[in-house]
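In what follows, a structure is listed as structure tokens, so that the remarks can point back to it.
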Amino acid sequence: MNSNRNFGEKAAFIYTRFMHRNDSTYEDICCIIDKYLDENMNVLELACGTGQLSKSLYNKVNHYIATDFSIKMIQHAQKK
């Protein structure tokens, strides 16, 4: 389990750049998810990575919590 965390900590720096290539796919996914959200909902996102979904969805609901096993991933997500 610790090796998974170590991987996430090391990969966080390049993960955002790598995932940026898929921005249009994440936009499409967010459009689909957005249809099911409303301002009264509380959302918990597990394994948010560097926030590809979080950055587009958090302001659509009452309360949004995004979590990840890697602290560095969360730090990158918070920058967004």
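The values are calculated or read from the model by the stated rules, or taken from the named source; none is laboratory data. Predicted model only: the values in this text are computed from it and were never measured. All Cβ positions, glycine included, derive from the backbone under ideal geometry; neighbour counts span all protein chains shown.
Summary table below
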read-out	value
Residue check for Ser70: within 11 Å of the chain's Cα centre (by Cα) and touching a residue at least 12 places away in the same chain (Cβ under 8 Å)	no
Residue in the stretch 44-60 that is among the aliphatic types (A, V, I, L, M), in contact with a helix residue (DSSP H, G or I) (Cβ under 7 Å, 6 or more places away or on another chain) and at pLDDT below 95 present	yes
